[in-house]
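Student: Can you keep this structure in mind? I'll have questions shortly.
The values are calculated or read from the model by the stated rules, or taken from the named source; none is laboratory data. Keep in mind that what you see is a predicted model, and the values were worked out from it rather than measured. Cβ atoms come from the backbone with ideal geometry, glycine included; neighbour counts cover every protein chain shown.
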Amino acid sequence: MAELISDTLTNSLMDKLQGVQYSLFATIDHETGSPAVNAISWIYALNSRRIRIAVGHRSRMLEHVKRNPAVAVTLIGPDTTYEITGRASITEVPMTDVSIKLACIEIEVEAVKNVMYFGAKIVQGVECAKTYDQEKADQLDQQVLSALKK
């Protein structure tokens, strides 16, 4: 059962959302009305009430957000699984100072919940490896994170 933790990001979540972070971004599909979940990595907490993410400039997530701004971000760890719900808006398409065409989505945090099932604890975080040139991936990550911080 989901347990409401706060209506803002905790300090530990703020710390976790300061760089590239595997997360799940849930929207409502504008054609089917069903939930749509996408894995994302570029996510940055501006403060305890606002998160920014970067997605492809032609992503279906953009149309989903335009039609229904209710969204959720799922984070795994520290210790548990978190659901951050809020209202999203598209703030920049394409993002400036980024070498590929991306869009910035800003989320106004409304609730942070512990959604881990009873009697369990996350003991190791999720690790992802880039499957292309690591140097280019690092450069792109730095460009995107710098743009999200603006």
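Student: Scanning segment 93-150 for residues that are in contact (Cβ under 8 Å) with a residue 24 or more places away in the chain and among the small types (Gly, Ala, Ser), which turns out nearest to Met61 (Cα to Cα)?
Tutor: Going through the qualifying residues, I end up with Ala103.
Student: Specify the residue that is nearest to Ala129 (Cα to Cα); the eligible residues are those in segment 29-45 that are surrounded by 15 or more Cβ atoms within 10 Å (Cβ to Cβ) and over 15 Å from the mean Cα position of the chain (by Cα).
Tutor: Among residues in segment 29-45 that are surrounded by 15 or more Cβ atoms within 10 Å (Cβ to Cβ) and over 15 Å from the mean Cα position of the chain (by Cα), the one nearest to Ala129 (Cα to Cα) is Asp29.
Student: Quick check: is even one residue across segment 46-67 surrounded by 13 or more Cβ atoms within 10 Å (Cβ to Cβ) and of a type in the set (Ser, Thr, Tyr)?
Tutor: yes
Student: Let me ask you something else. All but one of (1) surrounded by fewer than 17 Cβ atoms within 10 Å (Cβ to Cβ); (2) more than 12 Å from Val112 (Cα to Cα) hold for Lys16; which doesn't?
Tutor: Unmet condition: (1).
Student: Out of Asn38, Asn47, I need the residue that is farther than 17 Å from Leu145 by Cβ and modelled with pLDDT of 95 or more. Which one?
Tutor: Asn38
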